[in-house]
Each structure stands twice: as C-alpha cells, then as structure tokens.
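Working notes for the structure below.
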Amino acid sequence: MIDLPHPPRWLRRAPLVRERLRRFAKRHAPRGPVTRTVEGLAWRLAPADNKVDFDIWYKERLDEAAERAFLARHLKAGDVFVDIGANIGLYPVTLLAAIPGLKAVTFEPLERLRRRQLDNLALNGLLERVSIRAEAVGPTGRLTLHESRNAGRSSLLPFEGGEAGPSVEVRPLSELLDEAPAAIKIDVEGFEDKALLPYFEETAADRWPRAVVIETLHRAVWDRDCLQELFQRGYELMEQTDENALIARRSN
C-alpha cells in the first residue's frame, strides 16, 4: 500500500490552509494498511476508515495525551487497565508501553478495529499482556452494532447517518473481569451508562477502579447520568477535556 507524502507540519498548522489541507488529505487518505512510527510506537493504520487512524497518520502525533497521562498516574505494575471501546488500541498500547508490568483487558466488538488493535499491540511487543475481548459491555443479550463511515463512531444505539451492522454479544462487565480494574477508560458512543454503572451496583467497593476516563460527548442520550452517580459513590472530577471527564476516587 502506497503511503502519501505529507506537507510539513508547520504548513499543516497554518491557519489559512490548515482546513483545506485536512479536507484534501481526508479525500485521498489510504485505505490501508499503512504502518507509521509515531511517538516511538508502531501503528498499523487504515486512515480512510477511522478517525483515530486518520489522526495518527495525518497529524503524526497521538491524541488524548491528557487523558492517557491521567490514567498513567493512577496505574502501576501488576494493575489491570480496562478499555471499553478500545478502537485500534491507542490507550492500551501507550499505557502498556509506559508502565512495565501493567496488564490490560480490552473490549471492541467491531471486528476490523479489533484486528487493528491486535496488530498494534503485536507490533510493539505488548500482546502477551492483554486480553482482547470481542464482546460489547452492557446488559446480557445480543444487540445490533450500528456503523458509520468512521468505524470508531459505531454504537449499540441507533444514530443519524448510522446503518445497522452485525449483531454482537453483550455481557455485563462484572461477568467479564477476573481481576478488579485499577482504572477504566470507556468510550462507547452514548452507551456509557448502560455499560459502566451496573458494574458499581454488582461489585463490592474494593473492586472499584481508582480512576475513570469517560467520554461525555453523548451525555445527552444517557438514561442515567454517569458523572453524578460516580460522584455519589465517592469519585470527583479532576479534569474535563473537550471529549472526556477524568475522574478519580477520593481518598478515605
């Protein structure tokens, strides 16, 4: 697969041409796979298929640095990090690379993203420390995964512009984890309340994570407010980024 050359970074950031260059790159992005080394880590990408892939390929940097740094501060060797909606593995790859001895469990029901996640972990020699699960997290059963042109926008909830995709197995997080998570990142396009909150109802407090990063872009479609319910359980908001809330458990 031929990888297109990029304009220099200074030109890509120039206000007068930045958006035009990005739109041009979007139209001509390779379907993949292409391999890039970014921030010292290897990535196998399909930039035309997925925003996360495109951003790594085009920007030549890794997004959500504040979120990943926050989680790293709450993790250590021997801990288990859980990623619900792991996409191509941005969080597990970077955190496992940064923290020797850390383990991870990831959930990604969309097969092509899960294959890319596996490739990215393998390229960086991290695969043995991860359990990659195909289930979606939520109430027991099967649900339709709705897809869009941006693979990372896939959701168990219907959305404008989405198309019905495969039926996927769904199981509660409490049934899917053998070890208690030290930290959780969750990004499931509006399904966060149904995937995350039952875990706190079904497990003892000593199995609750020290830190949570939760996407809040689709907070309006939650039936239950994840943030308020976590605050009631002893968590506090440490930081709010454009897309995510960074939450830590208060010390006793």
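Rule-based calculations on the coordinates, nothing more; no lab input. Note that this is a predicted model, so its numbers are computed, not measured. Please note: Cβ atoms are built from the backbone with ideal geometry, for glycine as well, and neighbour counts cover all protein chains shown.
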- State the answer as a single residue: which of VAL80, ILE247, TRP43 lies farthest towards the positive end of the charge dipole of the chain, with beta carbon charges of +1 for Lys and Arg and -1 for Asp and Glu, about the Cα centre. TRP43
- Task: Quote to one decimal, in nm, the extra length available between LYS51 and THR241 on full extension: 0.36 nm per residue of separation minus the C-alpha distance between them.
- Result: 66.6 nm
- Contour excess over end-to-end distance, with Cα ends at LEU157 and LEU127 and 0.36 nm allotted per residue: 7.8 nm
- Message: What's the magnitude of the charge dipole for segment 95-188 around its Cα centre, counting Lys and Arg as +1 and Asp and Glu as -1 at the beta-carbon? Answer in Debye, nearest 20.
- Response: 200
- Message: Once you place label points 7 Å from the Cα toward the Cβ at ASP206 and ARG61, how far apart are they in nm?
- Response: 4.4
- Task: Pull up the cross-link candidates among the lysines for LYS194, meaning alpha carbon to alpha carbon under 24 Å and not fewer than 8 places away within one chain.
- Result: LYS185
- Item | Cβ-derived FRET efficiency at R0 25 Å, THR37 paired with SER251, nearest 0.05 | 0.05
- Which is the longest part of the chain that has none of the trypsin sites (Lys or Arg not before Pro) sitting in a DSSP loop with at most 16 other Cβ atoms within 10 Å? 150-223
- Message: Need one number: nm distance between label points at GLU179 and PHE231, each 7 Å from Cα along Cα→Cβ, rounded to one decimal.
- Response: 3.3
- Given unit charges at Cβ for Lys, Arg (+) and Asp, Glu (-), the dipole magnitude of the chain about its Cα centre in debye, nearest 20, is 1140
- Query: Alpha carbon centre of segment 36-109 versus segment 116-177: separation in Å?
  - Reply: 15
- Item | Charge dipole (debye, nearest 20) of segment 135-252; +1 at Cβ of Lys and Arg, -1 at Cβ of Asp and Glu | 180
- Query: Quick one: if you take sqrt(5λ) for each eigenvalue of the C-alpha gyration tensor of the chain, what semi-axes come out, biggest first, whole angstrom?
  - Reply: 30, 20, 18
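When the convex hull of the Cα atoms of segment 157-203 is projected onto a plane and the area is averaged over all directions, what value comes out in nm²?
Values: hull surface 16.5 nm².
Projected area, direction-averaged: 4.1 nm².
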